[in-house]
Amino acid sequence: MSDAVLAETPVFSVNGLWKVFGPKADRIPADPELTALDPADLRARTGCTAAVRDVSFDVRKGEVFVVMGLSGSGKSTLVRCLTRLIEPTAGTIAIDGEDVRAMDKPRLRELRRHRAAMVFQHFGLLPHRTVLDNVAYGLEIQGMGKAERRARAAEVVAKVGLDGMEQRRPSQLSGGQRQRVGLARALAVDPEVLLFDEPFSALDPLIRRDMQEEVVRLHREEGRTMVFITHDLSEALKLGDRIALMRDGKVVQLGTPEEIVGSPADDYVREFVRDVPREQVLTVRTAMRTPSDGDAVTGPAVAPDATVSEAIEAVARSGEPARVVDEGRCVGVVDADGLLGVVAGTAKEAV
Ligand SMILES: Nc1ncnc2c1ncn2[C@@H]1O[C@H](COP(=O)(O)OP(=O)(O)OP(=O)(O)O)[C@@H](O)[C@H]1O
Ligand SMILES: [Mg+2]
């Protein structure tokens, strides 16, 4: 990523965010004695649940930012705080540099209708409306005229692969098709950022994979910023540019899939990613060594962000170590031993 992109204002910037449910919740974030308690003790002492605890992160323009964690870890609360569907207890949230906590009602409405559209797990479709009118719903709320919104909706319906189904009602669709309608409805308002709260967890595995590919495709084609919540590790690894892993309301690690799998921050994360096929996530950067004079220059070339699994194929096919080539320059060499070391988990934990 270029410096120019890194320097851009993040879409969301979250700092020291807390959400505490329960009586006199406001006092908790400011009281070090209470914040030091673990969740069960805090509940016993105060009757409060700290669903989000001192969370900070940026969502960069154009990235898929995944929030992952087990049930109850605070994912939905966190994403709902972003547009104040849930009121935060403490901390700051900015969208494009604008203070979300300072927004008045009309501004908040505008935020939710135009700038950050949400796709829910249970679709949230209107049962008596056709597919087309469900998709046009957000535009209708915005006050767009009928002909114009139907034309726009038809475009988006086609984009998510539902052409021909415009006149059906939700009950006449499969689960996967319904979720496509939910996705189309969010896309129709052309939001700056899409927020997904476990949108695919009610779908069966094959349809789920289809929908994941749909999200990857949309992201690739449109470069739209997405915040994607899931409790499914393989989904997180597949979709995320970066992943925030939550536990008991805290972010325990924030990094690329490769960083999370290759350098887990603590035993909890290590346990979480234990069964991940490392060779499919880690890149040859982890496995390569500096080229030396004795290295042949005849081996196959692989890119630095090729996966270890891809390099294994190249090395196995050619019978020679592979050269890691970045912009025409050989930056490293990977051989069978180095690659095996990654698969076995004996390679250095370093990314
Ligand atoms: N309105 C509420 N009042 C009290 N506690 C709540 C409320 N909403 C959520 N919680 C608690 O906050 C914690 C985080 O809940 P949240 O729904 O954010 O978790 P999650 O990670 O989205 O879980 P899941 O994967 O099951 O959807 C849980 O302990 C939950 O019981
Ligand atoms: Mg949830």
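The values are calculated or read from the model by the stated rules, or taken from the named source; none is laboratory data. In this text the structure is predicted, and so the values were computed from the model without any measurement. With ideal geometry, Cβ positions are generated from the backbone for all residues, glycine too; neighbour counts draw on all protein chains shown.
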Legend entry - Leading residue by the ranking (farthest from Val66 (Cα to Cα)) among those in the range 215-234 that are within 16 Å of ligand 2 (Cβ to nearest atom) and buried (at least 22 other Cβ atoms within 10 Å of the Cβ): Thr230
Legend entry - Candidate set from the range 105-125 (those that are closer than 17 Å to Arg80 by Cβ and among the aliphatic types (A, V, I, L, M)); member that is surrounded by the fewest Cβ atoms within 10 Å (Cβ to Cβ): Leu108
Legend entry - Scan of the range 70-94 for residues that are within 14 Å of ligand 2 (Cβ to nearest atom) and at positive phi, ordered by number: Gly72, Gly74
Inset, instruction - Would you mind telling me which numbered condition in (1) buried (at least 16 other Cβ atoms within 10 Å of the Cβ); (2) modelled with pLDDT under 90; (3) more than 23 Å from the chain's Cα centre (by Cα) Asp293 fails? - result: (1)
Inset, instruction - Could you tell me which numbered condition Gly97 fails, if it satisfies all but one of (1) assigned by the TED database to the domain that holds Leu237; (2) loosely packed, with under 14 Cβ neighbours inside 10 Å; (3) more than 30 Å from Gly161 (Cα to Cα); (4) without any contact (Cβ under 8 Å) to a residue 24 or more places away in the chain? - result: (4)
Inset, instruction - Output yes when any residue across the range 275-285 is of a type outside the set (D, E, K, R), in a loop (DSSP other than H, G, I, E, B) and touching a Leu at 6+ places or on another chain (Cβ under 8 Å), and no when none is. - result: yes
Legend entry - Conditions (1) outside the structural domain of Val67 (by the TED database); (2) assigned to a helix (DSSP H, G or I); (3) at pLDDT 90 or above; number of the one not met by Leu237: (1)
